[in-house]
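Notes follow once the structure below has been shown.
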Amino acid sequence: MSSADVIENSWMWVDSEAKVEEAREDLDSSSLISLDTEYDSMHYFREKLCLVQVRASKRTYVFDPFNGIDLQFLRPYFADPRLLKVTHAGDNDIRILKRDYGFEFRNIFDTHRAAHMLGSQYLALSSIIEQYLGVEIEKTKKMQRSKWEARPLSEGQLRYAVQDTAYLADLYRHLNEKLSLKGMQERARKVFENVAAVSWREKTLDLLGHRRISGYASLTADSKGRLKKLYRWRFHKARQTNRAMFLILPDSALLSLSEGNWQSVEELRSAGILSEGKTDLYGSELMKVLCGEC
């Protein structure tokens, strides 16, 4: 069977209780499941979970966090120490699932960690699948960074999401055998326990982050002080609104704002550093920051 057939013929979009029951029956009969997620970490301050993919014995089940299906039924499977969960660089998947659903994870095998322990030079999933299974799959950064929260998802997005779990079980078998032959299973077990134990932590303010903005070194002392205030304001605004910091204001705008001695919102508006929309949204707050009132 070709890689295309593996993907096309073995997955289900779960959007009803009947399909949840079908997934549950498959999970109940499985001794191994594969797990992956798709999330947006580019446009949000806190990563936004957009898909959960779980492959059991028969097929991959694609769960949409936005369609009202209660994913809590997955809790006992993820926590079951008898049921092996295979991931690839699953740290962030586990962190986000713990954050959003309070799941616990036991008995993890991570193919990224295993391949690293075995000395693989290239650790991307596509590279490891080709190395150990002889199958070529296409995974692009463009697709990885696509708008996963948009609905409906494209055929390309669904193919990308499903193929991440399609080969993990076979990959586990190959990697686990090699770990066993090298006497590395106990060491690997401890590594995988650390993967299962990760927890989500919210971003914290980098107190010196403003100094790493390009152009900082050439600013005057007063401008450096304004840039520091602007940088901290942007961080807190991003956290408050759950938007990526660059979407609040890019570094270049912070730098330009720090160089001026602004007296009013209208002066900011006429400078053309910010769009009309950004000036309407943030102008008053920025003036308070720049004038030292907050």
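The values are calculated or read from the model by the stated rules, or taken from the named source; none is laboratory data. This structure is a prediction, so every number in the text was calculated from the model and none was measured. All Cβ positions, glycine included, derive from the backbone under ideal geometry; neighbour counts span all protein chains shown. We work out accessible area using only protein heavy atoms, side chains counted, and drop any ligands, DNA or RNA first. Shrake-Rupley method; radii C 1.70, N 1.55, O 1.52, S 1.80 Å.
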Test result for ILE137, surrounded by 18 or more Cβ atoms within 10 Å (Cβ to Cβ) and modelled with pLDDT of 95 or more: no
Taking LEU281 as the residue in question, decide whether it is open to solvent by less than 20 Å² (accessible area, probe 1.4 Å) and part of a helix (DSSP H, G or I). no
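For every residue, the table says whether it meets (1) aromatic (Phe, Trp, Tyr); (2) in contact with a strand residue (DSSP E or B) (Cβ under 6 Å, 6 or more places away or on another chain); (3) touching a residue at least 60 places away in the same chain (Cβ under 8 Å).
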position	(1), (2), (3)
MET42	no, no, yes
LEU49	no, yes, no
ARG59	no, yes, no
PHE63	yes, yes, no
PHE66	yes, no, yes
GLN72	no, no, no
ASP80	no, no, no
ALA89	no, no, no
ILE94	no, no, yes
When segment 96-118 is checked residue by residue, the ones that are charged (D, E, K, R), free of Cβ contacts under 8 Å to residues at least 60 places away in the same chain and not in a loop (DSSP other than H, G, I, E, B) are ASP100
Take the residues of segment 179-208 that are surrounded by fewer than 16 Cβ atoms within 10 Å (Cβ to Cβ), assigned to a helix (DSSP H, G or I) and touching a residue at least 24 places away in the same chain (Cβ under 8 Å): which is farthest from the chain's Cα centre (by Cα)? ARG187
Considering only segment 177-191, I want to know if a residue exists there that is out of contact with any Asp or Glu (no Cβ under 6 Å at 6 or more places or on another chain) and either aromatic (Phe, Trp, Tyr) or modelled with pLDDT under 95 (or both). no
Would you mind finding the one in LEU268, LEU254, LEU247 that is under 30 Å from GLU47 (Cβ atoms) and either touching a Leu at 6+ places or on another chain (Cβ under 6 Å) or buried (at least 19 other Cβ atoms within 10 Å of the Cβ) (or both)? LEU254
